[in-house]
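Asks: Quick one: the structure is below, questions incoming.
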Amino acid sequence: MLHVDGVPAKVVVSRRVGRGRHAILLDRPVERGSVLMVLRSQLPVLPEGEFYAFEIIGLRVEEVGGRACGTVKDLLPGPANDNLELDDGSLIPMVEDAIRSIDREEGIILLNPGFIL
C-alpha cells in the first residue's frame, strides 16, 4: 500500500515511460511534491547481500585496519555502479572490490584499502 503524505492511496496504473522511468496514476489527485512512501513492513525481503538505500544511509564507514572514513550521506546512481557518498563528499564505488562487508546490525561498512575517490 502506497501512502501519500501519510494517507493510504491505491495505484490504479503503473507503467514505464520515457527512458524507462516509472509513472503511476493514483486513485485521487495528488499535489506535485507530495511525499510518497511505503511502510517498511510492506517492502519485499531482499536477497542476501542486497540492501535498500535507507538501510545504508547513516552507516559508519571504515577501512580494514580500523581507519574511520566517515558516514554514508547518500547513495548516488552511476552509469556502471552506484556510489556511496560520505559526509565529507568522498565517493566509494558500490563494487565487491571496494566493499568488504556491510553489517546493518553493527551499523558499519568495511572497505578494502584504497577505494575512497
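Asks: Report every pair of residues separated by at least 6 positions or lying on different chains whose Cβ atoms are under 9 Å apart, first residue within the range 20-48 and of a type outside the set (A, V, I, L, M, F, W, C), second assigned to a loop (DSSP other than H, G, I, E, B).
Replies: Qualifying pairs under 9 Å: Asp27/Lys10; Arg28/Lys10; Glu31/Asp5; Ser34/Asp5; Arg40/Tyr52; Gln42/Met1.
Asks: Right, here's the next one. Give the residue, chosen from Gly65, Gly78, Gly70, that is small (Gly, Ala, Ser) and in contact with a strand residue (DSSP E or B) (Cβ under 7 Å, 6 or more places away or on another chain).
Replies: Working: Gly65 fails: in contact with a strand residue (DSSP E or B) (Cβ under 7 Å, 6 or more places away or on another chain); Gly78 fails: in contact with a strand residue (DSSP E or B) (Cβ under 7 Å, 6 or more places away or on another chain).
Sole residue among the options that is small (Gly, Ala, Ser) and in contact with a strand residue (DSSP E or B) (Cβ under 7 Å, 6 or more places away or on another chain): Gly70.
Asks: Something else now. So, Gly66, is that one part of a loop (DSSP other than H, G, I, E, B), touching a residue at least 40 places away in the same chain (Cβ under 8 Å) and either exposed (fewer than 10 other Cβ atoms within 10 Å of the Cβ) or not assigned by TED's automatic domain parsing to the domain that holds Leu26 (or both) or not?
Replies: No.
Asks: Restricting attention to the range 18-44, which residues are in a loop (DSSP other than H, G, I, E, B) and either within 12 Å of Leu2 (Cβ to Cβ) or at pLDDT 90 or above (or both)?
Replies: Of everything in the range 18-44, those that are in a loop (DSSP other than H, G, I, E, B) and either within 12 Å of Leu2 (Cβ to Cβ) or at pLDDT 90 or above (or both) turn out to be Asp27, Arg28, Pro29, Val30, Glu31, Ser34, Val35, Leu39, Leu43, Pro44.
Asks: Right, another one. Looking at (1) within 15 Å of the chain's Cα centre (by Cα); (2) not in a loop (DSSP other than H, G, I, E, B), which is the one condition that is false for Gly58?
Replies: Result: Gly58 fails condition (2) only.
Asks: What number of residues within the range 69-108 are within 18 Å of Glu48 (Cα to Cα), under 14 Å from the mean Cα position of the chain (by Cα) and outside any loop (DSSP other than H, G, I, E, B)?
Replies: 1
Asks: Restricted to the range 7-17, and to residues that are among the hydrophobic types (A, V, I, L, M, F, W, C) and assigned to a strand (DSSP E or B), which residue is surrounded by the most Cβ atoms within 10 Å (Cβ to Cβ)?
Replies: Restricting to residues being among the hydrophobic types (A, V, I, L, M, F, W, C) and assigned to a strand (DSSP E or B), the top hit is Ala9.
Asks: Considering only residues that are within 19 Å of Ile24 (Cα to Cα) and among the hydroxyl-bearing types (Ser, Thr, Tyr), which ones fall in the range 34-48?
Replies: Within the range 34-48, Ser34 is the sole residue that qualifies.
Asks: Sticking with this structure for a sec: Restricting the range 49-63 to residues that are surrounded by 10 or more Cβ atoms within 10 Å (Cβ to Cβ) and free of Cβ contacts under 8 Å to residues at least 12 places away in the same chain, which is farthest from Ile99 (Cα to Cα)? Let's see the steps before the verdict.
Replies: We begin by selecting, within the range 49-63, every residue surrounded by 10 or more Cβ atoms within 10 Å (Cβ to Cβ); these are 51-63.
Okay, now just the ones that are also free of Cβ contacts under 8 Å to residues at least 12 places away in the same chain, so 52, 54.
Numbers: Tyr52: 16, Phe54: 18 Å.
Filtering the range 49-63 for residues that are surrounded by 10 or more Cβ atoms within 10 Å (Cβ to Cβ) and free of Cβ contacts under 8 Å to residues at least 12 places away in the same chain, the one farthest from Ile99 (Cα to Cα) comes out as Phe54.
The values are calculated or read from the model by the stated rules, or taken from the named source; none is laboratory data. Note that the structure is a prediction, hence the values are computed from the model and not measured. Glycine gets a Cβ as well: all are built from the backbone with ideal geometry, and neighbour counts include every protein chain shown.
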